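Below is one structure, written out as structure tokens, with a few remarks after it.
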Amino acid sequence: MLETKDLILDKARQEDWRAMYRNVWSHPESAKYMMWSVTQREEDAPDRMRRTIEFQKSHDTYLVYCKADGEAIGFAGVEQTSPTVWEEAGICLGPDYVRRGFGRQILQCLMEYAQTLGAKEFVCCAREQNTASRGLITSMGFEQFEAETRVDERDGSSYIYLRYKTTLF
């Protein structure tokens, strides 16, 4: 479990499927820049949560919970890409929870966590069109070091994938 001023990052619990469906998985705007597809039907959400729980067993990923009410409002994670480099593995908040400073809290928390695991450098990524994520990343001192054209597997559209890095002290 990881903690910020307003949030808790913790492993998923089956009973949170409804909150994740309502707050995140059912919203096209949440999936727009991510590598996952919207869950169209509420009855499919419990199975998605089971898959999430299974995935989290072997990955350093978490659901994001609002401390104020315990509600699951998003997800985030990190992965080690080399002995001293860690990368965010996606940060996603439901549309009702953006522009509240939560993204900044999550990114700072993930960076601090990676540092406790020996990270000297931290990498973030965003699609070029995702101005909100790019703004957050650059406001926290990250510098772009790579741009790559990729294809979205969901619809075949191409996009520019930007990678940023910062040194951890």
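Do we find a residue being buried (at least 16 other Cβ atoms within 10 Å of the Cβ) and over 16 Å from Leu93 (Cβ atoms) anywhere in the range 14-28? Yes, that holds for at least one residue. Pairing each residue of the range 78-96 that is on the phi > 0 side of the Ramachandran plot with any residue that is hydroxyl-bearing (Ser, Thr, Tyr), provided the two are 6+ apart or on different chains, yields C-beta distances under 8 Å for Gly90/Thr61. Do we find a residue being open to solvent by less than 20 Å² (accessible area, probe 1.4 Å), closer than 23 Å to Pro83 by Cα and either in a helix (DSSP H, G or I) or modelled with pLDDT of 95 or more (or both) anywhere in the range 158-166? Within the range 158-166 (the criterion being open to solvent by less than 20 Å² (accessible area, probe 1.4 Å), closer than 23 Å to Pro83 by Cα and either in a helix (DSSP H, G or I) or modelled with pLDDT of 95 or more (or both)), the answer is yes, since at least one residue qualifies.
Filtering the range 1-56 to residues that are modelled with pLDDT under 95, assigned to a helix (DSSP H, G or I) and among the hydrophobic types (A, V, I, L, M, F, W, C) leaves only Ala31.
For the range 57-76, the tally of residues that are part of a loop (DSSP other than H, G, I, E, B) and either over 26 Å from Arg99 (Cβ atoms) or polar (S, T, N, Q) (or both) stands at 3. Checking the structure you have, find out if any residue of the range 127-134 is of a type outside the set (Ser, Thr, Tyr), in a strand (DSSP E or B) and in contact (Cβ under 8 Å) with a residue 12 or more places away in the chain. Yes, there is a match, as at least one residue in the range 127-134 is of a type outside the set (Ser, Thr, Tyr), in a strand (DSSP E or B) and in contact (Cβ under 8 Å) with a residue 12 or more places away in the chain. Among residues of the range 88-112 being assigned to a strand (DSSP E or B) and open to solvent by less than 40 Å² (accessible area, probe 1.4 Å), the one that is farthest from Val64 (Cα to Cα) is Glu88.
The values are calculated or read from the model by the stated rules, or taken from the named source; none is laboratory data. Keep in mind that what you see is a predicted model, and the values were worked out from it rather than measured. Note that we place each Cβ from the backbone using ideal geometry, even for glycine, and neighbour counts take in every protein chain shown. The protein model used for the area step is the full one, side chains on, heavy atoms only, and it has no ligands, DNA or RNA in it. Shrake-Rupley method; radii C 1.70, N 1.55, O 1.52, S 1.80 Å.
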